[in-house]
Amino acid sequence: MGVFKPMLPFEATTLIERAIANAEQGCDEVIVVSGYRGDELSDHLMHNKRHEPRPQLRIVRNERWERGMLSSIQCGAREVAGDYFFIAPADMPYLTPEIYAALLAEAPQYAAFPERGGRRGHPVLISAAVIPQLLNADVETLGSMRRFLTGYPTETRTVETDAIFIDLDTIEQYRRAVR
């Protein structure tokens, strides 16, 4: 994309702030895993006066972020204190508190994906029971959390929104979203 996505303006805030605000409404704690430009992101989030105090927000740094998203998920999983945790990319600003609530309504044994029209999306609700195996997973061999989860029976929860698919990966997708 060529820009630092988390800090892009989005509806009077930024993409990362929007993602956090949505998650904060349905989660006891929000763990943001930073990597590339992590100091800049942490500084912004911790010193943004519009959001203080934020007792449920924690920022952890993945020093090995170049290894990919699975390494960041492992970094965040080390900090999980509850029975479940969500994986939600920061570039998916339409993941509403209602989507989080739909997944939490029925706790899965291992993992649950929101689903619409036979397609799975985000956020993904993961049981803390998989954390030991997740932390021991070889990032280079597995490559992704989805591949890791193929070792477990997963469940779906039907939702009535396409927001679970709207990922602002490209500058064109971002521009369409902010017009």
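Could you identify the single residue in Val30, Val3 that is over 23 Å from Gly143 (Cα atoms) and at pLDDT below 85?
None of the others qualify; the one that does is Val3.
Whether a residue is touching a residue at least 12 places away in the same chain (Cβ under 8 Å), hydroxyl-bearing (Ser, Thr, Tyr) and farther than 19 Å from Ile126 by Cα was assessed, and Thr96 does not pass this test.
Considering Ile126, Ile164, the condition of being β-branched (Val, Ile, Thr), buried (at least 20 other Cβ atoms within 10 Å of the Cβ), touching a strand residue (DSSP E or B) at 6+ places or on another chain (Cβ under 9 Å) and more than 21 Å from Ser34 (Cα to Cα) is satisfied by Ile164 alone. Would you mind stating whether Leu142 is of a type outside the set (S, T, N, Q), out of contact with any His (no Cβ under 7 Å at 6 or more places or on another chain), buried (at least 17 other Cβ atoms within 10 Å of the Cβ) and modelled with pLDDT of 95 or more? In short, no.
The number of residues in region 144-169 that are free of Cβ contacts under 8 Å to residues at least 60 places away in the same chain and in a loop (DSSP other than H, G, I, E, B) comes to 5. Glu115 falls short on exactly one of the conditions (1) closer than 23 Å to Asp28 by Cβ; (2) in a strand (DSSP E or B), and that condition is (1).
Would you check which residues across region 83-130 are acidic (Asp, Glu), farther than 16 Å from Thr161 by Cβ and out of contact with any Asp or Glu (no Cβ under 9 Å at 6 or more places or on another chain) and list them? Steps first, please.
First, the residues of region 83-130 that are acidic (Asp, Glu): 83, 91, 98, 106, 115.
This time we only want the ones that are farther than 16 Å from Thr161 by Cβ, so: 83, 91, 106.
Hit for region 83-130 is Asp83, nothing else.
Kindly provide the set of residues from region 118-143 that are touching a residue at least 12 places away in the same chain (Cβ under 8 Å) and part of a helix (DSSP H, G or I), ordered by number. Within region 118-143, Ala128, Ala129, Val130, Ile131, Gln133, Leu134, Leu135, Val139, Glu140, Leu142 qualify.
Can you find even one residue in region 99-109 that is of a type in the set (A, V, I, L, M, F, W, C) and farther than 14 Å from Gly26 by Cβ?
Filtering region 99-109 for residues of a type in the set (A, V, I, L, M, F, W, C) gives 99, 101-105, 107.
Of the ones still in play, those that are also farther than 14 Å from Gly26 by Cβ are none.
Checking region 99-109: not a single residue is of a type in the set (A, V, I, L, M, F, W, C) and farther than 14 Å from Gly26 by Cβ.
Evaluated against (1) touching a residue at least 60 places away in the same chain (Cβ under 8 Å); (2) buried (at least 16 other Cβ atoms within 10 Å of the Cβ), Leu103 falls short on exactly one condition, (1).
Just the residues that are surrounded by 14 or more Cβ atoms within 10 Å (Cβ to Cβ) and either modelled with pLDDT under 90 or over 19 Å from the mean Cα position of the chain (by Cα) (or both), please, taken from region 147-161.
Keep residues of region 147-161 that are surrounded by 14 or more Cβ atoms within 10 Å (Cβ to Cβ), which gives 148-149, 152, 154-157, 159, 161.
Tyr152, the sole residue that qualifies.
The values are calculated or read from the model by the stated rules, or taken from the named source; none is laboratory data. These numbers come from a predicted model, not from an experiment. Reconstructed Cβ throughout: ideal geometry from the backbone, glycine too, with neighbour counts over all protein chains shown.
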